[in-house]
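Reading through the structure tokens given below for one structure.
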């Protein structure tokens, strides 16, 4: 039966996430926006709480770690008599949005909750899950010469005895300096294209993994963004995630399926920022004497109220698309299309809402006295990482039109 | 055609649609048989303002008294986030979609040009039981529980065939649903039997007024109390099937507050004139002028309740959003094969990002509109507030619906601008979702 309300059983989880966002994230937002690269130590305590929640099995945590593939939701899943499940994918999307209502930069710095964790959860085998479980894992895909075109990455992995030897350069690794593990994408054979690309788990303290520098950024400054050089970086061959075989058809698809799980999570981040902006703006507009009326047509209200309604409508669309993608994952339905649609809509909507809210609030929005200007800077990354807007549109178009990547470039 | 009809009949009977059971095989029933199609064409499409008095129409009278008004019970929500329609909803919307694609779509262009829906189609649509969906079972209705969502799914499916014809088919359902939701025992006993009977009356919900920045909560049409009843004056715009309407529910201000009145077409002082518009022309939109129309005390719905009026407006907005979703789906399904087949510079234009991304954006915004519309309807069914959700669905349907219509034409280029393809009609129809108030109800 069609119902698009948040299930009541997630109320406790969302309540906890909200409390965390309000009590820990918001009060520290400005501090770590200014103190870029400083470690937000307030989060350590939170991580312990979240891990406790995960292990307790009551509900999955506020981060990316719990995202799982296809109906195998381990935490808090339940099904109604018709077999519908509301599991960890939906729980994660909801709690991430809630925490990012507090601060998206701090969410990305939450120990143990990196995007690498989502990759491990999605494709690791049982032994690897045991070995890497509970550790903070970052994700290293992008290179100086390969961003959206991840099939063109140049980092190589060569099997030498029981170890893979990795060589190359990785940039824009979120939480790369702080994480305990880095999931590195590298090619087993550059002549075999995307099929040869595999992901490898590298311990942060591996001597072959050298931190090159930390970036200074437009936003999400609380989150460290690291650039690495891998030089003869040796990892046990058991650290390869998925199959070591180069399969012409399946290989890259396996790597890409991680995105079906992580894209809704990034969409959820954009939802959190967008909702923060809308709530703040509604309050400021209210102080200025502008009320939002849902019954009167927008054209019969002030321009500010009409604009607010327009933004809120797009927020609602982005939010429901994101919940749809997560719900599909929980129920074992292939969701590549919906995951990319959600990411595309939420990414662009988040940025649009944040920037327009700054303008609606004028000097109050643009000045550092409120967090609106910061949220507008933070929001932009959400339309870029885990696949830019343009990549999402490409994914959606290829699926709708039945086009290969060589036909529709 | 007989085989198709059989399929529809089978499905509809299986889901308890008693209408079809009763009407199966009675295709000879054509209440418009007396009116020559050519005459209807001239009347509907006339540019000259021929204002005529409404007079046609039946006498509505209660055959039996009801002790209390009948209401459909609500479905109990499962509490889980779920996008799976019930089996009944799936079968129903599939039946309606078959009807829409096989019957409405081929008739759409001529109906658009003629500004009238073929009588045969309206009869078939009545036989599908659209006016019975919102009526309580004890009054002869078709579906046990109240479900705005079911009406949304059916509206969406119908509009996939054609929006104008969908409006013509659904207009009487707005009146039967309103009476089911808010009518008192006498109003229900007087009018509802006709909507589950053999000849469904042409009926319409008239809210919109002809002026810029129209706000349905600030009406110029008004009613004043007189001799224990009311006297109604004002103008209603773009009323579906106004000319052959036998029964109207009219939004009018009573002592400054908007309210709903039941108005029979035979009441004196009502004039109707054709008001063809940019789109939804098959709905035979017309303008109704009320000049000191005397109404009985029993014509006021729900004692003029402000809550009921707001709900009526909100449910109407959800209905128009649902139609926009259906037309948007039609656009998407039309442009995909087109851009894959059409070649330029030696390869399909679908291989170009500028074209492919336009298709992506249609799909993305369409799905966002759809989910937002479903949520609004689902909240209504659960007895939760839905003013916000209805407003947001309307905004999306208005804005993105418009863009989808425009992109549909654009992707076909010059071919999209000519009537060889339906996208120019969808372009015109989709604009209605941001303009119309009332007329429909889910």
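What follows is calculated from the coordinates using simple rules that are stated; it is not laboratory data. As the structure is a computational prediction, the values presented were derived from the model and not from experiment. Virtual Cβ from ideal backbone geometry, glycine too; neighbours counted across all protein chains shown.
Considering all C-alpha pairs of region B:222-304, those separated by over 22 Å amount to 24%.
Counting neighbouring beta carbons within 10 Å and listing from fewest to most, the residues B:217, A:308, B:345 come out as B:345, B:217, A:308.
Rounded to the nearest 10 degrees, the angle from helix B:387-412 to the longest Cα principal axis of chain B is 40 degrees.
Please work out the FRET efficiency for the pair residue B:333 and residue A:406, using the Cβ-Cβ distance as r and a Förster radius of 30 Å; give the result to the nearest 0.05. Don't jump to the answer; show the numbers that get you there.
Values: r = 25 Å, r/R0 = 0.85.
So, using R0 = 30 Å, E works out to roughly 0.75.
Considering only C-alpha atoms, what is the centroid distance from region A:330-409 to region B:166-194, in Å? Distance between centres, Cα-based: 44 Å.
Under the criterion of Cα pairs below 8 Å and six or more residues apart, the relative contact order for region A:91-192 equals 29 percent.
Average projected area of the Cα convex hull of region B:159-216, in nm²? Numbers along the way, then the final one.
On the way: hull surface 22.6 nm².
Answer in nm², one decimal: 5.6.
Per residue, what volume in Å³ does the convex hull of the Cα atoms of the protein assembly as shown enclose? Before the final figure, lay out the partial values.
Working: hull volume 142.2 nm³, N = 851.
Value for the protein assembly as shown: 167 Å³ per residue.
Here the convex hull built on the C-alpha positions of region B:194-236 has a volume of 123 cubic angstrom per residue.
Once R0 is set to 25 Å, what does the formula 1/(1 + (r/R0)^6) return for the Cβ-Cβ distance between residue B:68 and residue B:307, expressed as a FRET efficiency to the nearest 0.05?
0.80
For chain B, the fraction of C-alpha pairs more than 41 angstrom apart is 12%. As a proxy for reagent exposure, ranking B:402, A:25 by other Cβ atoms within 10 Å from fewest up yields B:402, A:25.
Where a ≥ b ≥ c are the square roots of the eigenvalues of the C-alpha gyration tensor, would you call chain A rounded, which needs a/c under 1.5, or, failing that, prolate if a/b is larger than b/c, or oblate? Prolate shape, in that a/c is at least 1.5 and a/b is the bigger ratio.
Spin-label model, residue A:42 to residue B:90: label points 7 Å out along the Cα-to-beta-carbon direction sit 4.9 nm apart.
Specify the angular offset, from 0 to 90 degrees and rounded to the nearest 10, of the alpha carbon long axis of helix B:2-14 from the longest principal axis of the alpha carbons in chain B. Rounded to the nearest ten degrees, it is 60. Dividing the helix sum by the residues of chain B, where each DSSP H run of 4 or more adds -39500 (n - 2.57), gives a mean residue ellipticity at 222 nm of -15500 deg cm²/dmol. Region B:239-258 and region A:148-174 have Cα centres spaced 70 Å apart.
Ratio to report: Rg/Rh of region A:137-241, with Cα atoms as the point set and Rh obtained by the Kirkwood method; give two decimals. Each step should come with its number before you reach the end.
Details: Rg = 13.1 Å, Rh = 13.6 Å.
Across region A:137-241, the Cα-based Rg/Rh ratio is 0.96.
If you take the alpha carbon radius of gyration of region A:272-409 and divide it by 2.2 N^0.38 Å, what ratio comes out, to two decimals? Display every interim value, and only then the final one.
Working: Rg = 17.3 Å, N = 138, 2.2 N^0.38 = 14.3 Å.
Rg over 2.2 N^0.38 Å, computed on Cα atoms: 1.21.
Using Cα pairs under 8 angstrom and six or more residues apart, how large is the relative contact order of region B:306-434, in percent? Each step should come with its number before you reach the end.
Values: 150 pairs, mean separation 40.9, N = 129.
32 percent.
Report summary: the helix-based calculation at 222 nm, which adds -39500 (n - 2.57) for every DSSP H run with n ≥ 4 and divides by the residues of chain A, gives -15000 deg cm²/dmol.
Under Stokes-Einstein, with the Kirkwood radius over Cα pairs as Rh, the value for region B:281-327 at 20 °C and 1.002 mPa s is 155 µm²/s. Across chain A, C-alpha contacts under 8 Å between residues 6 or more apart give a mean separation that, scaled by the residue count, equals a relative contact order of 17 percent.
By its C-alpha gyration tensor, with a ≥ b ≥ c as the square roots of the eigenvalues, how is region B:285-433 shaped: rounded for a/c under 1.5, else prolate for a/b larger than b/c, else oblate? Spell out each step's value before the answer.
On the way: a/c = 4.49, a/b = 2.03, b/c = 2.21.
Since a/c reaches 1.5 but b/c is at least a/b, the shape of region B:285-433 is classed as oblate.
Against chain B, whose longest principal axis comes from its Cα atoms, helix B:306-341 is set at around 20 degrees. Between the C-alpha center of region B:381-442 and that of region B:303-340 there is a gap of 7 Å.
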